[in-house]
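Colleague: Here it is, the structure in full.
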Amino acid sequence: MLAKVISAAIVGLEAEPVDVEVDVINGYPAFAMVGLPDAAVKESRDRVHSAIKNSGLSFPGNKRITVNLAPADLRKEGPAYDLPIAVGILAASQQVWPDRLEGAMFIGELSLDGTTRHTKGILPLAALARERGFRSVFVPEADAREAALLPDVEVYPVADLVQLVGHLTGMSPITPAESSLETSFSQDGISYAADFADIMGQEHVKRAMEVAAAGGHNVLMSGPPGSGKTLIAKSLPGVLPRMSVDEALEVTKIYSIAGLLPADTPLIRYRPFRSPHHTISYAGLVGGGAWPRPGEISLAHRGVLFLDELPEFGQALIEVLRQPLEGLPREVNISRASGTVTYPANFMFIAAQNPCPCGYYGDPTHACTCSNAMITRYQKRISGPLMDRIDIHVDVPRVPFEKLTAERRGEPSEAVRARVEAARAIQTERFKDTPLHANADMGASEVKRICVLDDTGKQLMKSAMRQMNLSARAFHRILKLGRTIADLAGEEDIRPAHLAEALQYRP
C-alpha cells in the first residue's frame, strides 16, 4: 500500500515542501530510501524501525519498504524526516487513518524508544505550513512553543509515537499548542551584559556609540590594552532600539536553522551580540560548509558584530566584510555545486584594535617597544577600502585614576536608549515607503535628497574635502553621520555643528 506524508527541507533561510512517499509491498524484506538523502536521513531507517517496535506498534518487517523523498533533486539532510517516515510506514501498513494525514505537515526526530527529540529549523518549517495553507503541523513537544509563534496554523506537540497514533486514530486527540507570540515577545526580564553606567570616563566614546546606535553606523575603536574597548562594545546592545516583532522572528529563524535557539527561549527578544575569536575560519564567519550554515555575520543580523583585535584576523576574513558593509541588500551568497543560498547580514560592525603590536604606541605613560616598521606593518593589515567603509573612528585612551574611583555613576543605558529610539523613530518615518531602516543604509541618491546642506555647511565640507583628502564614499558617510547627529538633536536641518562633530569621527 502507498502512503504520502508532507514534510519540509531547509534551503537557506526558507523551507521547501517534501513529499515523503512510503510504499509497503510483498517481497524480499528490505528498506530502501531514495531522493538524495544525506547520511543522517539514511540512518532514519534504523531509528524508525526501533522507534516503531519499542512503541508497541507493528513494523512490517516481512515486507519490502521503499521511501521516496520528493522532489528527488532537492538534497535532504538531518533527522527531521524520522517522524514523517514513521507515520508513512504506519499509514501504509494501515495502523493509522490515511485521511487524517491530509492537510498536515510532520517534522521531528525520533529516539529509539519512540519519543521525539528537539529538531532545529522548526520556525521556517512552520512558516512554510502557514504559507502553503496547511491546517496543522505536528512537531516535537520540545519545539511546539517555537512553531506556535506563527498564527493561523494549528501546532500539535508530539511527545512520542504512541501519542501521535492515538491522535491519528481518533482515540486520544492531542490538544493544539496555544499561540505564544505576544507572551514570548514581552520585553520584561531582558538583561544585557553591560550598562553604560558601568563605564568609567570615556564620555566622548560613549557619545560616539550613541551616534552609531542612532543611525546604525560602523565603529572602529583604537586604544591601549585595558582602556575599556570590549566593555564599551558589550554595552552597545543595551542602547540599541528594542526589536520589532518582525525583526525578532527574522533573527529567531536564523538561530533556529543554526541550532542555536535555547531550549527555553522560543523567540529571540534581544539584539544579537556576536564576538568571534580571530582564529575563526572563513566558513565560520561568512557561513558555508558542505551543507551551508549561517556564519557569524548572519548570526549578528539586526544586532552587533564585534571583532576584537581586528588586525589579528586573517586578511581574507577582513576583506570579506566589504560587501555587507556597503549598501543594500546586506546579505551574503554562498554558492555550491548543488545551488546558491542567501543569508541576511544587516548588522552593526564594531571593531577594536591596539595602535601597535605591544599596544602602547602614543600612550603618554607607557613606553612603546615596537619599531616603526612593526607599527606600519601592523596598521597596514587593515586595507584602506575597509577603513573607508567605517563611519566612526574613535580613540579610547587610558582611564585616569580619578575617573576609576569616582563615586558618581555614568548615565544608564536606558536613558541613552530613549534618545536613540527617538532618533530611530524619525528615521522610520523618513524611510517608511522604502527598504531602508536607518541613516547608514542610505545610498548616494538618498544622501543627495535628504542630507541637504546650507551655504555654511557646504563651505565646511569643501574645506574638509581639501584638507583631509576625503573620498566620495567618505564624503557621503560624513553627511549620513551629520544627519544622524541632527536626528539626535531633533533638528530638521543638518547644521554646521552637526557636520563638525561628524568630521571629528574621521581618522
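The values are calculated or read from the model by the stated rules, or taken from the named source; none is laboratory data. For clarity, every value in this text was computed on a predicted model and none was experimentally measured. Cβ: placed from backbone, ideal geometry, glycine included. Neighbour counts: every protein chain shown. These area figures cover heavy atoms from the full protein model, side chains too; ligands, DNA and RNA do not enter into them. Shrake-Rupley method; radii C 1.70, N 1.55, O 1.52, S 1.80 Å.
Colleague: Would you be so kind as to identify which of 416, 434, 406 lies farthest towards the positive end of the dipole of segment 330-450, taking Lys and Arg as +1 and Asp and Glu as -1 on Cβ and the Cα centre as origin?
Modeller: 434
Colleague: What are the residues whose amide H is under 5 Å from the amide H of residue 332, where those residues sit 5 or more places off or on another chain and H is modelled from the backbone?
Modeller: 343, 345
Colleague: So how tilted is helix 203-215 from the main axis of the chain? Cα-based, degrees 0 to 90, rounded to 10.
Modeller: That works out to roughly 50 degrees.
Colleague: Excluding residue 374 itself, calculate the net charge of residues whose Cβ lies under 12 Å from the Cβ of residue 374, where each Lys or Arg counts +1 and each Asp or Glu counts -1.
Modeller: +3
Colleague: For segment 296-316 and segment 133-156, what is the centre-to-centre distance using only Cα atoms, to the nearest Å?
Modeller: That distance is 34 Å.
Colleague: Rounded to the nearest 500 deg cm²/dmol, what is the calculated helix-only ellipticity per residue at 222 nm for the chain, with -39500 (n - 2.57) per DSSP H run of length n ≥ 4?
Modeller: Helices in the chain give a 222 nm mean residue ellipticity of -10000 deg cm²/dmol.
Colleague: If you don't mind, there's one more thing I want to ask. Mind checking the angle between helix 413-430 and the chain's longest principal axis? C-alpha axes, 0 to 90 degrees, to the nearest 10.
Modeller: 80
Colleague: How large is ³J(HN,Hα) for each residue in segment 453-458, as worked out from phi by the Karplus curve 6.51 cos²θ - 1.76 cosθ + 1.60 (θ = phi - 60°), to whole Hz, x for Gly and Pro?
Modeller: 10, 7, 4, 5, x, 5
Colleague: Carbon-plus-sulfur fraction of the accessible area of the chain, 1.4 Å probe, in percent?
Modeller: So the carbon and sulfur contribution to the accessible surface is 51 percent.
Colleague: Could you give the angle, 0 to 90 degrees to the nearest 10, between helix 44-54's Cα long axis and the longest principal axis of the Cα atoms of the chain?
Modeller: Long axis of 44-54 versus the principal axis of the chain: about 60 degrees.
Colleague: If you don't mind, there's one more thing I want to ask. For segment 191-262, what is the Kirkwood estimate of the hydrodynamic radius, computed as the reciprocal of the mean inverse distance between distinct Cα atoms, to one decimal in Å?
Modeller: 14.0 Å is the Kirkwood radius here.
Colleague: Taking a quarter of the surface of the convex hull around the Cα atoms of segment 1-140, what do you get in nm²?
Modeller: Computing the convex hull of the Cα atoms and averaging its projections yields 7.6 nm².
Colleague: How high is the relative contact order of the chain? Use alpha-carbon pairs under 8 Å, at least six apart in sequence, and give a whole percent.
Modeller: This gives 13 percent for the chain.
Colleague: Mind computing the radius of gyration and Dmax over the alpha-carbon atoms of segment 291-348? Å is fine for both.
Modeller: When restricted to the Cα atoms of segment 291-348, Rg and Dmax are 12.0, 36 Å.
Colleague: Right, another one. Of the chain, which part is the longest with no trypsin sites (Lys or Arg not before Pro) in a loop (DSSP not H, G, I, E, B) and with at most 10 other C-beta atoms within 10 angstrom?
Modeller: After excluding every exposed loop site, the longest remaining stretch is 1-379.
Colleague: Given an 8 Å cut-off on Cα distances and at least 6 residues of separation, report the relative contact order of segment 128-182 as a percent.
Modeller: 34
Colleague: Another question about this same structure. Testing the spin-label approximation: label points 7 Å from Cα along Cα→Cβ at residue 32 and residue 231. State their distance in nm.
Modeller: Each label point is offset 7 Å from its Cα along the Cβ direction, giving 6.8 nm.
Colleague: Could you give the accessible area per residue of the chain, probe 1.4 Å, as a whole number in Å²?
Modeller: The answer is 44 Å² per residue.
Colleague: Net charge within 15 Å of residue 263 by Cβ-Cβ distance, Lys/Arg positive one each and Asp/Glu negative one each, not counting residue 263 itself?
Modeller: -2
Colleague: A follow-up question, please. Taking just the alpha carbons, could you work out the radius of gyration and Dmax for segment 139-247, both in angstroms?
Modeller: 22.8, 70
Colleague: Over its Cα atoms, what ratio of radius of gyration to 2.2 N^0.38 Å does the chain give?
Modeller: 1.17
Colleague: Could you give me the radius of gyration and the Dmax of segment 3-58, taking only the C-alpha atoms into account and expressing both in angstrom?
Modeller: 13.5, 41
Colleague: Write out the GluC sites (Glu not before Pro) in segment 385-488 meeting two conditions: DSSP loop, and at most 11 other Cβ atoms within 10 Å of their Cβ.
Modeller: 407
Colleague: Counting Lys and Arg as +1 and Asp and Glu as -1, each charge on the Cβ, what is the dipole of the chain about the Cα centre in debye, to the nearest 20?
Modeller: 1300
Colleague: Sticking with this structure for a sec: Per q in 0.21 1/Å, what log10 I(q)/I(0) does a Debye calculation on the alpha-carbon atoms of segment 29-80 return?
Modeller: -0.79
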